[in-house]
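The values are calculated or read from the model by the stated rules, or taken from the named source; none is laboratory data. Predicted, not measured: the structure shown is a model, and the values here were computed from it. Cβ sites come from the backbone with ideal geometry, for glycine too, and all protein chains shown count toward neighbours.
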Amino acid sequence: MDNITHSLGGLVLAEVILEVRSRIWRNERQLPEWAFWLNSILASNLPDLDVAYAGTLDFPIGYSLHHRGYTHTLVVAPLLALIPLIPLLFLKKRQRHQSVFRDGLLLYVLSFLGISLHILMDFLNDYGVHPFWPFDNRWYYGDTLFIIEPFWWVGLSLSLIFNFPSKVRGLLAVPPFAGITLSLLSGLVPPMGVAALLGCALVMAWVSALASPFGRRKMALAWLVGVPMVFGIAHGRALDRAHFLLSRAFPGEYIHDVALRPAPANPFCWSGLAIQVKEDLLIYRRFVLSLWPSVFEGKDCRIDRLFVPESPWVRVNVHLDSAMHILAASETRVERLSALFQSSCRANAFLRFSRAPLVVYQNGSPMLGDARYFTGSSRPFWAFIDATPSATCPQFSVEWSPPIQPLLVQTPVPGMR
């Protein structure tokens, strides 16, 4: 998820901890509330420290393998949670009263919760995380939320805005305004969705102004949990529908995986990538799916409006029914992927990230990309990487299990770095 969402989630956790503190230690000396707010915002963004070094490595392999890497694991989380406590070490001796140590423990719990929430939020989209390393090196994908979800920006900000001093409220008003504006200008959200966001913002601001501080905290926590629950229910329905339609349309193919991504602020429209297997072929089909075809058919969903089916994609424009529209298809031989996994250290590394690897040949040399993020346009989000055996190996190998591991030949390669 984006860092605005992570920060807002951190503020919700801080408010929950402050509520607990106020009920247990009501009349004792305490650290100020702003210490908890700042601590939680910092902790909720700490896992993204990996960008500082992942961005310096060979793109896209280094970034792919190390962003959402070790700092996004539950083993490292307790260590990262110590970082926001460092300012407490510089308190003067007269300031180190008993409540500082008690609040320090609360701040540590808050930091750990913020880091854990960050990992959980990142799980919710189709990029994936591997939170259980080193005990389980597999990638886990939630496929539940778009990378930016405007309903979270609106609901979380306006739930808590009146719990903060007036000087801070202007900052908390920015995410709702930005979320509605981006939804309107991006073209990814239909007018109905923009109207729902605007109506939600007005209602949330009115209810929040009338509510008590405790009521606002409950409302924010409900919003934090409720948005992914709604999209999660919709995800289950979209996945079932996609499996049914794909199985009916292509009975001779095994569905290995279906990667889904909802439209922002719209749980009824989904972009999908079907990963199907037929003998030695991995077949990718890019599609859009509507859960409410009586209002807008699959072809009218705007989530893939920037997708341009250029090579290696082939435009197909197949309507399985009014709900599902297949935009394009591409294919790769499993045998080629297996051979590259064994013979090329760069391919071996990239396949430890790629959920939907594509092989293309440029001047006779194999190139690898990920079908999730290659739009086929002249400026793809994810570039293809050189997968020739003689290419330089990427820095800092990782232990992640390849997402398509069941399809690969797991034979160790002598001298593989």
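Checking Gly128, Gly187 one by one, the residue that is under 22 Å from the mean Cα position of the chain (by Cα) and under 20 Å from Arg355 (Cα atoms) is Gly128 and no other. Of the residues in segment 211-221, none is surrounded by 14 or more Cβ atoms within 10 Å (Cβ to Cβ), in a strand (DSSP E or B) and out of contact with any Gly (no Cβ under 8 Å at 6 or more places or on another chain).
Residues that are out of contact with any Leu (no Cβ under 8 Å at 6 or more places or on another chain), assigned to a strand (DSSP E or B) and surrounded by 23 or more Cβ atoms within 10 Å (Cβ to Cβ): does segment 338-346 have at least one? Checking segment 338-346: not a single residue is out of contact with any Leu (no Cβ under 8 Å at 6 or more places or on another chain), assigned to a strand (DSSP E or B) and surrounded by 23 or more Cβ atoms within 10 Å (Cβ to Cβ). Inspect all residues belonging to segment 290-313 and state whether any of them is in a strand (DSSP E or B) and within 24 Å of the chain's Cα centre (by Cα). Within segment 290-313, one or more residues are in a strand (DSSP E or B) and within 24 Å of the chain's Cα centre (by Cα). Among the residues in segment 92-113, are any closer than 25 Å to Tyr53 by Cα, modelled with pLDDT of 95 or more, of a type outside the set (S, T, N, Q) and in contact with a helix residue (DSSP H, G or I) (Cβ under 8 Å, 6 or more places away or on another chain)? So far as segment 92-113 goes, yes, one or more of its residues are closer than 25 Å to Tyr53 by Cα, modelled with pLDDT of 95 or more, of a type outside the set (S, T, N, Q) and in contact with a helix residue (DSSP H, G or I) (Cβ under 8 Å, 6 or more places away or on another chain). Total residues in segment 278-289 satisfying the condition of being more than 24 Å from the chain's Cα centre (by Cα) and modelled with pLDDT of 90 or more: the figure is 4.
Each row is one residue, and each column tells you yes or no for (1) within 21 Å of Arg372 (Cα to Cα); (2) touching a helix residue (DSSP H, G or I) at 6+ places or on another chain (Cβ under 6 Å).
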| site | (1), (2) |
| --- | --- |
| Met229 | no, no |
| Leu239 | yes, no |
| Gly252 | no, no |
| Ala274 | yes, yes |
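Scanning segment 147-184 for residues that are within 29 Å of Ala242 (Cα to Cα) and surrounded by fewer than 22 Cβ atoms within 10 Å (Cβ to Cβ), we see that the one that is nearest to the chain's Cα centre (by Cα) is Ile147.
Please determine whether any residue of segment 234-242 is of a type in the set (Lys, Arg), surrounded by fewer than 16 Cβ atoms within 10 Å (Cβ to Cβ) and closer than 25 Å to Leu120 by Cα. Scanning segment 234-242, I find at least one residue that is of a type in the set (Lys, Arg), surrounded by fewer than 16 Cβ atoms within 10 Å (Cβ to Cβ) and closer than 25 Å to Leu120 by Cα, so the answer is yes.
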